[in-house]
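Structure, as structure tokens:
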Amino acid sequence: MSASPLAGLLASVREGWSLPREAYLAEATFAADMTLLSRRWTFAGHVSEVGRLGSWILARFGDEEAIIVRGEDGALRALANVCRHRGSRVCVASRGVSRLFTCPYHAWSYRLDGSLQAAREMPEDFDPAGFGLKPLPLVEIGGLIFVTFTPDFASLEPPSLDLARPVLEALTARLGWREAKIAHREAYEVAANWKLVMENYHECYHCGPAHPEFAQLHALARPGARGLTGAPDPLTGLADLEDWGIDGLERETVRVMRSQLSADCATGSREGAPLAPPMGPSPALWGHCVFAELGYLSAFLAYADHGVIYRFEPLAPLRTRMEVIWLTSGAAREGEDYDVEALSWLWRVTSEADKTIIERNQAGVKSRAYEPGPFSGMEPGTQQYVARYLADLARVTRTP
Ligand code: FES
Ligand SMILES: [Fe+2]
């Protein structure tokens, strides 16, 4: 990768201002971004999706695909979905339950731990031990499965979770997320660069004008409502935390922020009334929500009775997939304990509005009239996100 166009871009960035046009448009920037992002931890699924032995799901990221599978030994693994014969995809559905993975091209078959079980008509000296599906780094934290899509599996350590893991473990235990189930999912394709999508996600300056439904329910939409004290919260027992790890590439970023709902609102619903049975062991979250995040592309929102997961996936310089997943208590029954339309209403209307405003943002940024503009006092999260990105981009462009 040539460093020069990106070096020019990095040199032209003005602190406290949005990024230059090429950051959102250029193929070279996108290629560097994908290298950067593939080394970070990304949400790949919830344990309820891979509960049975042999159950598996696919997680995609650019050209990479991971098979997330529950092995015969009960362990979760991530395996690169690339056959070791001549490179075909091995799994072609998006999920399933299998005893073996059989490549559809020439029928090499792999065990659930990725080892090669059988390959037809190979020479005498062929040793199957050297031809297992490549493992990818995987961790499970409180029911949330994260992987990295590191292209150089052997030589690159994924970023440390030493700080993030205990924080997310405590949070998910309070929330009851390990015992949760997926109640609904939606996917949106946004015609915009992934950074515009993420910059939008990290500020609530736009909430008042763009999200009347969210703004009515959440204190966060008001100026000055985003106070991070760092002290343990009396209701959740969790300290607010923002660690962007700007000082080093080795540590994964993590954010946890509790926020109040408007008076008389118990949860994120049309009238603020409960939507489902409480998820966690403690009812402390009624009237509040928690925003949490790990790494660049995975965000979590928790109410007392449901959770929302955002998974962002850059597809091309001007295309980003945004998947939204709604969680409820694993014991809750659809139609009796909750209604899917009511459960998903708030973050459906909010995501649809976000798609619209982000695409308008991208259209303006494509214009040659665009130039970076100054951030407001309600965009510190976006500023931190951009600062972290620039620090990582500078490192990636220095790495051959
Ligand atoms: S490419 Fe998979 S068996 Fe040939
Ligand atoms: Fe928004």
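Please name all residue pairs, on different chains or six or more residues apart, with Cβ atoms under 8 Å, provided the first residue is in the range 62-74 and is outside any strand (DSSP E or B) and the second residue is of a type in the set (Ser, Thr, Tyr).
Qualifying pairs under 8 Å: GLY62/SER38.
How about the range 318-361: which of its residues are buried (at least 19 other Cβ atoms within 10 Å of the Cβ), assigned to a helix (DSSP H, G or I) and away from ligand 2 (no atom under 12 Å from the Cβ)?
Listed by number, the residues that qualify are LEU343, SER344.
Return the pairs, sorted by first residue and then second, in which the second residue is among the hydroxyl-bearing types (Ser, Thr, Tyr) and in a helix (DSSP H, G or I), the first residue lies in the range 212-224 and is within 19 Å of PRO380 (Cβ to Cβ), the beta carbons are less than 6 Å apart, and the residues are 6+ apart or on different chains.
Taking only residues 6 or more apart or on different chains, the pairs are PHE214/THR350.
Provide a single number: the residues in the range 41-81 that are small (Gly, Ala, Ser) and modelled with pLDDT under 95.
Going through the range 41-81 one residue at a time, the tally reaches 1.
Looking at PHE101, PHE131, which is the one that is touching a His at 6+ places or on another chain (Cβ under 8 Å) and either within 15 Å of ligand 1 (Cβ to nearest atom) or of a type outside the set (Asp, Glu) (or both)?
Just a single option satisfies the conditions, and that option is PHE131.
Among the residues that make up the range 175-188, is at least one of them in a helix (DSSP H, G or I), assigned by TED's automatic domain parsing to the domain that holds ALA292, away from ligand 2 (no atom under 16 Å from the Cβ) and not hydrophobic (A, V, I, L, M, F, W, C)?
no
If I go through the range 84-122 residue by residue, how many of them are of a type in the set (A, V, I, L, M, F, W, C) and closer than 23 Å to ILE145 by Cα?
Final tally of qualifying residues: 8.
I'd like to check something: does the range 33-42 contain any residue that is among the acidic types (Asp, Glu) and surrounded by fewer than 19 Cβ atoms within 10 Å (Cβ to Cβ)?
So far as the range 33-42 goes, no, none of its residues is among the acidic types (Asp, Glu) and surrounded by fewer than 19 Cβ atoms within 10 Å (Cβ to Cβ).
Table: residues versus (1) exposed (fewer than 14 other Cβ atoms within 10 Å of the Cβ); (2) out of contact with any Lys or Arg (no Cβ under 9 Å at 6 or more places or on another chain).
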{"residue": "PRO314", "(1), (2)": "no, no"}
{"residue": "ALA369", "(1), (2)": "yes, yes"}
{"residue": "GLN383", "(1), (2)": "no, yes"}
{"residue": "TYR389", "(1), (2)": "no, no"}
{"residue": "ASP392", "(1), (2)": "no, no"}
{"residue": "THR397", "(1), (2)": "no, yes"}
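Taking SER115 as meeting all but one of (1) farther than 25 Å from GLU157 by Cβ; (2) away from ligand 1 (no atom under 14 Å from the Cβ); (3) polar (S, T, N, Q), write down the number of the exception.
SER115 satisfies every listed condition except (1).
The values are calculated or read from the model by the stated rules, or taken from the named source; none is laboratory data. Everything quoted here is computed from the prediction, not taken from an experiment. A quick note on method: Cβ atoms are made from the backbone with ideal geometry, for glycine too, and the neighbour counts reach across all protein chains shown.
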